[in-house]
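**Student:** Here's a structure for you.
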Amino acid sequence: GKPDPILKVDNIVRNFGGITAVDVDHLEVQRGIITALIGPNGAGKTTFFNLITGFDRPSSARQGAHWSFDGRTLDKTSASSVALAGMVRTFQLTKALNRMTVMDNMMLGARDQKGERLLNGPFWFTWKKQEAEVEAKAKDLLQRFSLLAKKDDFAGSLSGGQRKLLEMARALMSDPKMIMLDEPMAGVNPALTQSLLGHIQSLRDEGMTVLFVEHDMHMVRHISDWVVVMAEGRIISEGRADEVMADQAVVDAYLGAH
Ligand code: ATP
């Protein structure tokens with residue numbers, strides 16, 4: 001169909017000392033499809049995720065540096081305003097989150113994404129009124145991801161795949177326009193693989209834009225509508241999965257990294 005970018009990035013650079021982790025001239029993520037961001041270890045994928053979600057800043061003001069999400073310029077925005085604009089990423093469950101129940105993780109997800117201001121000052125009362133509503137929504141999402149029976153269990157007791165589902169469910173608490181998944185298949189046992197892929201595809205079928213970073217080539221081939229390949233901080237190829245995997249530049253980048 002006609003291109004309809006939800007995310008546009010121009011001239012974004014991040015250096016760590018002498019290493020250029022990210023040096024992207026131009027990248028667009030199209031609305032309503034599943035885009036995979038792949039590349040060898042150290043290619044800059046995580047750094048790129050951090051930059052566009054406001055968890056990290058570009059190194060220097062570069063000529064023509066600009067990025068926007070859904071028509072909104074994001075160059076100088078904080079992580080919470082990025083989330084408010086509708087771009088949300090999953091986070092791996094940390095120690096602290098593992099010691100909380102599944103339900104509390106969901107409630108925290110709502111708070112994280114909507115921003116602290118809902119919990120403070122005049123917004124606090126609004127929040128209290130909304131709490132029941134938010135809780136109902138959390139239960140719906142847990143039901144959808146087959147986690148409702150686990151709602152009072154510690155997140156730390158979940159299997160690898162269930163944790164990935166919880167991370168997704170938590171991110172969805174804020175009704176994002178785009179969900180960004182960092183290695184959704186890492187640590188998922190084969191029994192849950194199909195279910196996880198199915199969930200990601202149904203989100204896309206409902207109109208959600210999905211961007212994920214992944215090492216698992218089976219997953220990349222199976223569900224990506226578009227694949228972007230990064231190496232040494234740059235975008236070296238993009239296209240359909242079979243196209244980029246046949247691209248000599250991509251083959252060379254992977255071989256060179258091992
Ligand atoms: P992987 O697939 O292994 O997760 P990646 O594609 O996500 O790799 P990044 O983690 O973004 O790659 O790393 C890109 C480069 O930047 C690497 O050379 C890495 O060592 C370097 N780098 C990333 N974060 C930092 C940091 N905080 N300090 C110093 N160097 C960093």
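Conditions tested, residue by residue: (1) in a strand (DSSP E or B); (2) away from the ligand (no atom under 16 Å from the Cβ); (3) farther than 27 Å from D70 by Cβ.
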{"position": "M180", "(1), (2), (3)": "yes, no, no"}
{"position": "V188", "(1), (2), (3)": "no, yes, yes"}
{"position": "T193", "(1), (2), (3)": "no, yes, yes"}
{"position": "L203", "(1), (2), (3)": "no, yes, no"}
{"position": "G207", "(1), (2), (3)": "no, yes, no"}
{"position": "V210", "(1), (2), (3)": "yes, yes, no"}
{"position": "H215", "(1), (2), (3)": "no, no, yes"}
{"position": "V220", "(1), (2), (3)": "no, no, no"}
{"position": "V229", "(1), (2), (3)": "yes, no, no"}
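**Student:** Kindly indicate whether T53 is of a type in the set (S, T, N, Q) and under 19 Å from the mean Cα position of the chain (by Cα).
**Tutor:** yes
**Student:** Further question on the same structure: Answer with yes or no whether R99 is at pLDDT below 80 and either loosely packed, with under 14 Cβ neighbours inside 10 Å or away from the ligand (no atom under 16 Å from the Cβ) (or both).
**Tutor:** When the stated conditions are applied, R99 does not pass them.
**Student:** Give region 235-255 a look and list any residue that's within 13 Å of the ligand (Cβ to nearest atom) and within 19 Å of the chain's Cα centre (by Cα), or say none.
**Tutor:** I235
**Student:** Here is a follow-up. Which residues, taken from region 46-55, are more than 8 Å from the ligand (Cβ to nearest atom) and either among the aliphatic types (A, V, I, L, M) or farther than 18 Å from E28 by Cβ (or both)?
**Tutor:** Listed by number, the residues that qualify are L51, I52, G54, F55.
**Student:** List the residue pairs whose Cβ atoms are under 8 Å apart, where the first residue sits in region 150-167 and is closer than 15 Å to I200 by Cβ, the second is assigned to a helix (DSSP H, G or I) and β-branched (V, I, T), and the two are 6 or more positions apart or on different chains.
**Tutor:** G161/T193; L166/V102
**Student:** Follow-up question, since we're still on this one. Name the pairs whose Cβ atoms lie under 6 Å apart, with the first residue in region 189-214 and within 24 Å of T46 (Cα to Cα), the second part of a helix (DSSP H, G or I) and of a type in the set (G, A, S), and 6 or more positions between them or separate chains?
**Tutor:** Taking only residues 6 or more apart or on different chains, the pairs are N189/G161.
**Student:** The conditions are (1) among the charged types (D, E, K, R); (2) modelled with pLDDT of 95 or more; (3) under 22 Å from T53 (Cβ atoms), and R170 fails exactly one of them. Which is it?
**Tutor:** Exception for R170: condition (2).
**Student:** Can you tell me which residue among A136, A132, A36 is crowded, with 16+ Cβ neighbours inside 10 Å, at pLDDT 80 or above and not polar (S, T, N, Q)?
**Tutor:** When all the criteria are applied, what remains is A36.
**Student:** Output the qualifying pairs, or none if there are none: Cβ atoms under 8 angstrom, residues six or more apart or on different chains, first residue in region 228-239 and closer than 16 Å to T35 by Cβ, second residue at pLDDT 95 or above and of a type in the set (F, W, Y).
**Tutor:** These pairs meet every condition: E238/W226; G239/W226.
**Student:** Within region 204-217, can you find the residues that are of a type outside the set (D, E) and buried (at least 19 other Cβ atoms within 10 Å of the Cβ)?
**Tutor:** M208, T209, V210, L211, F212, V213
The values are calculated or read from the model by the stated rules, or taken from the named source; none is laboratory data. Worth saying up front: this structure is predicted, and the values here are computed from it rather than measured. With ideal geometry, Cβ positions are generated from the backbone for all residues, glycine too; neighbour counts draw on all protein chains shown.
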